[in-house]
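Report on one structure; see the data block that follows.
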Amino acid sequence: MAQIFVNIAYQRMSADGFKFLAERQLFPEFYFCGDSIDSIERETITALRDQIAGSNFSSTLHAPFYDLNIGARDRSIRIASFERLVWAVETAAMLGAGVVVVHPGYGVGPGEVAIEPWLQRAGAFLKKLVEHAAGFGIKIAFENIFDSRPDQLLKLLQFVDSPFAGICFDVGHHHLFSALPMQNWLAALGPHIFEFHLHDNDRSADQHSAIGEGSVDYQPLIDWYANQPAATRPVLTLEQKDRNHVIKSVACIQNWGI
């Protein structure tokens, strides 16, 4: 069966939280918000690293994203965003994470946004970020947020032009913001997908429900995933808000037979 990761915020990175994952053969995707970054001590990261090693966890890391935009019009915000993302990469290296998920920031809400002006502002920082991550052997996975089509993400990847830059395809966001069938997205982005974010919604809001509690049709993903070589299959990461939703989602994935 595919390895399944679970997004876990810093506040839940306790012995009990890690035990919940280990008992179910799940793996953590770490998330640190801005306040956590400002308060956390290096010794705490070292202790987390030791806990990961003791549990034989693989891991990924989701970079902070609230109020950040590496291509913002305000240069000070661009710099602050870049510094937060560098912190995420360097923390991922300390924790042994192989992928860092990044919200690009070029869209602030649903609707088409021309990416070219954003890329002009973000370009130098983007390339530095991916180069910095590559130095640790870490991949950067840019996530679809409000995208209605895969075009903007493809332009971003073409601009960065690195094997260490790819995509985190968020199924819930696709369901909420795109009318283009999932199979079209997978056909366009497939070779570049490092990770999937799996959650559900009924298209009224980004609910992050358990798989099966919304109206997402997962069959295109199941079919696509099953046809990928085992060694190159993207990471599967659950983004639910409580343990019962995680348990239900894991059961669904197990029934997929992938």
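Summary of computed values
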quantity	calculated
Residues located in the stretch 61-85, provided they are among the aliphatic types (A, V, I, L, M) and within 16 Å of the chain's Cα centre (by Cα)	Leu61, Ala63, Leu68, Leu85
Tabulated pairs, the stretch 202-231, first on the phi > 0 side of the Ramachandran plot, second in a loop (DSSP other than H, G, I, E, B), C-beta under 8 angstrom, 6+ apart or interchain	Arg203/Gly214; Arg203/Ser215; His208/His199; His208/Asn201; His208/Glu239; His208/Gln240; His208/Lys241
Enumeration of residues in the stretch 104-124 that are at pLDDT 85 or above, closer than 16 Å to Ser178 by Cβ and open to solvent by 10 Å² or more (accessible area, probe 1.4 Å)	Tyr106
Matching residues in the stretch 24-53 - criterion: being out of contact with any helix residue (DSSP H, G or I) (no Cβ under 8 Å at 6 or more places or on another chain) and buried (at least 20 other Cβ atoms within 10 Å of the Cβ)	Glu29
Breaking point among (1) over 20 Å from Gln25 (Cβ atoms); (2) surrounded by fewer than 20 Cβ atoms within 10 Å (Cβ to Cβ), for Ala231	(1)
Odd one out for His197, checked against (1) crowded, with 20+ Cβ neighbours inside 10 Å; (2) part of a loop (DSSP other than H, G, I, E, B)	(2)
The one condition in (1) in contact (Cβ under 8 Å) with a residue 24 or more places away in the chain; (2) crowded, with 20+ Cβ neighbours inside 10 Å; (3) under 26 Å from Ser249 (Cα atoms) that Met1 fails to fulfil	(2)
Hits in the stretch 174-198 - residues which are under 12 Å from the mean Cα position of the chain (by Cα) and not acidic (Asp, Glu)	Ile193, Phe194, Phe196, His197, Leu198
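The values are calculated or read from the model by the stated rules, or taken from the named source; none is laboratory data. Remember, it's a predicted structure, so these values are computed and weren't measured experimentally. A quick note on method: Cβ atoms are made from the backbone with ideal geometry, for glycine too, and the neighbour counts reach across all protein chains shown. Surface areas here come from the heavy atoms of the whole protein model, side chains and all, with no ligands, DNA or RNA. Shrake-Rupley method; radii C 1.70, N 1.55, O 1.52, S 1.80 Å.
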